[in-house]
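> Attaching a single structure in structure tokens format; questions to follow.
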Amino acid sequence: MTPNDTPDSEYHAARATLYCGAAAAFTYPSEETVSELLDPAAREGIERAAETVGVTEEAITLLEALEETGLEDLQVAYNNLFGLPSDDGTYAVIPYEAHYTTRDEISSEQRRIATVVGLLEEFGLEPSDDFAERQDHVAAELELAQVLAGQRAVALESDEPVAAERVAKAEATVLADHLVEFVPALAHDLRQATDEDAYVAAADLVEELVTYDNGQHPEPTVSAEAASGGEAP
């Protein structure tokens, strides 16, 4: 059983739902994306998942902020934060893991991105045709966490403990060596850069989710980069 006595498969399915919602919150807020998040069935699923995992306040705050903010305002805020450089060529927030973990050292950055690409490929996750970002974008890594949580839920539901353990080890690596290494800092930068409620709420949710989730997983026995022959940062 999980920390809150929810059956294991249901708990990990709830985690998958939350990572899906968090990933969507960090992609461009198209009408379709926002509508999908606020669809009554999807919203109910996110709220139920948040209660299961223990991030109810953060999830509801995000959903309410999305509902109360006009689509155009969301799009302007997104572009100001992530999409358009300022007059001096800098961005308000840089949503890439390597920006936070490699200190702009080119060789380390390339290895870090390659490690993320390897994890995405290993678990069958390919960027969609309209996703024009690097693979270490926060949305891509949150989607990887979604896929892993979903695969773990399916393995447990299907009574496949070996497969579930393999995925659990991968999750520990993704959380400890990747997400928790940059998401809290990204969330801090996001809160400093905007007063748009939806993105402040997205920062709060993703930081709480990743930090809590990392605490529920054992330390990985080997870093992802060391396992692939690279150097850990």
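The values are calculated or read from the model by the stated rules, or taken from the named source; none is laboratory data. It should be emphasised that the depicted structure is a prediction, and the values quoted were computed from it without experimental measurement. Note: ideal-geometry Cβ built from the backbone for every residue, glycine included; neighbour counts use all protein chains shown.
> Within the range 176-199, track down each residue that is part of a helix (DSSP H, G or I), free of Cβ contacts under 8 Å to residues at least 24 places away in the same chain and farther than 16 Å from THR101 by Cβ.
Listed by number, the residues that qualify are ARG191, GLN192.
> Follow-up question, since we're still on this one. Restricting to the range 54-99, and then to whatever is touching a helix residue (DSSP H, G or I) at 6+ places or on another chain (Cβ under 9 Å) and of a type in the set (D, E, K, R), can you tell me which residue is surrounded by the fewest Cβ atoms within 10 Å (Cβ to Cβ)?
GLU68
> Sticking with this structure for a sec: Hey, any hits in the range 39-58 for a residue that's at pLDDT 95 or above and closer than 20 Å to GLN192 by Cα?
Scanning the range 39-58 turns up at least one residue that is at pLDDT 95 or above and closer than 20 Å to GLN192 by Cα.
> Only one of (1) part of a helix (DSSP H, G or I); (2) of a type in the set (S, T, N, Q); (3) surrounded by fewer than 22 Cβ atoms within 10 Å (Cβ to Cβ) fails for THR17. Which number is that?
Checking THR17 against (1) part of a helix (DSSP H, G or I); (2) of a type in the set (S, T, N, Q); (3) surrounded by fewer than 22 Cβ atoms within 10 Å (Cβ to Cβ), the one that fails is (3).
> Quick one: in the range 208-226, of everything that is more than 17 Å from LEU142 (Cα to Cα) and hydroxyl-bearing (Ser, Thr, Tyr), which residue is modelled with the lowest pLDDT?
Among those that are more than 17 Å from LEU142 (Cα to Cα) and hydroxyl-bearing (Ser, Thr, Tyr), it is SER223.
> Could you tell me which residue of the range 134-175 is modelled with the lowest pLDDT, considering only residues that are surrounded by fewer than 18 Cβ atoms within 10 Å (Cβ to Cβ) and outside any helix (DSSP H, G or I)?
For the range 134-175, the residue satisfying everything is ARG134.
> Now for a different question. Based on this model, can you work out whether THR33 counts as part of a helix (DSSP H, G or I) and hydroxyl-bearing (Ser, Thr, Tyr)?
yes
> Continuing with the same structure: For the range 172-192, state whether one or more residues are over 16 Å from the mean Cα position of the chain (by Cα) and of a type in the set (A, V, I, L, M, F, W, C).
Checking the range 172-192: not a single residue is over 16 Å from the mean Cα position of the chain (by Cα) and of a type in the set (A, V, I, L, M, F, W, C).
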